[in-house]
Structures are given as C-alpha cells and as structure tokens.
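Down below is the structure, laid out as structure tokens.
Bear in mind these aren't lab numbers, they're just calculated from the coordinates by the rules spelled out. If you're wondering where the values come from, they're calculated on a predicted model, not measured in any experiment. Neighbour counts are summed over all protein chains in view; Cβ atoms, including those assigned to glycine, are modelled from backbone coordinates with ideal geometry.
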Amino acid sequence: MKKTNEDIKQLVVERLKATSGDLKISIGGEGAFSKEDLIKRVEEGDDIGQKVMEIQMEYLRDLASGKIYQDEDNSSAN
C-alpha cells in the first residue's frame, strides 16, 4: 500500500511541476498556495498535501471514466 501512495505522490508532484509557474490555488480557509508550496506540501504529505492528492486523483478518475466530458456535455446543453 505504501508503494501505491508514493506512486500517487510522485504523479501529483509531476502534474504540479507541469503547471504554470504563476499557479496559485486557494484551499478552504487555509489560504492561497503557490506551485512550489503545493509541491512541497505534497512531498511532505501534510494535510494540505493530502488534500491536493485527493483532488488530483478525483480529477484523474473522472477524466478516465468520461465523467468530465459528460458534465461538460450537460452544461453546454443548458
């Protein structure tokens, strides 16, 4: 199980590295985080890092299942 978590962590870090250098993301009441902050938090595995990993994995699952495209189709029909 630990290997899988490390694989997910590495995947999320690589996805973050591929984003724009001026990326800033707000997470709840925790404040805004830069790309570098997010990478550090994911690598450290703190609460913010765990939340970022959960969000990224949910996005990837939805993308793989086609759910994102279904939601997109529904919103354009309205």
Practice task
Calculate the tail of P(r) for the chain: the fraction of all Cα-Cα distances greater than 17 Å, expressed in %.
Solution key: 51
Practice task
Using the Karplus curve 6.51 cos²θ - 1.76 cosθ + 1.60 with θ = phi - 60°, work out ³J(HN,Hα) for each residue of region 28-45 in order, rounded to whole Hz, and write x for Gly and Pro.
Solution key: x, x, 7, x, 9, 10, 7, 3, 5, 4, 5, 4, 4, 5, 5, 4, 6, x
Problem - Whichever lysines have a C-alpha closer than 22 Å to that of LYS9, once near sequence neighbours (fewer than 8 apart) are set aside - result: LYS17, LYS24, LYS35, LYS40, LYS51
Fill in the blank from the handout: Summing -39500 (n - 2.57) over every DSSP H run of at least 4 residues in the chain and dividing by its residue count gives a helix-only mean residue ellipticity at 222 nm, to the nearest 500 deg cm²/dmol, of -23000 deg cm²/dmol
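With Cβ to Cβ distances under 13 Å as the rule, what net charge do the other residues near VAL13 carry (K, R +1; D, E -1)?
Around VAL13, the charge tally is -1.
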Problem - Among ILE8, ILE25, ILE55 - extreme Cα towards positive end, dipole of the chain, charges at beta-carbon - result: ILE8
Completion exercise
Treating only Lys and Arg (+1) and Asp and Glu (-1) as charged, each at its beta carbon, one finds that the chain has a dipole about its Cα centre, in Debye to the nearest 20, of 200
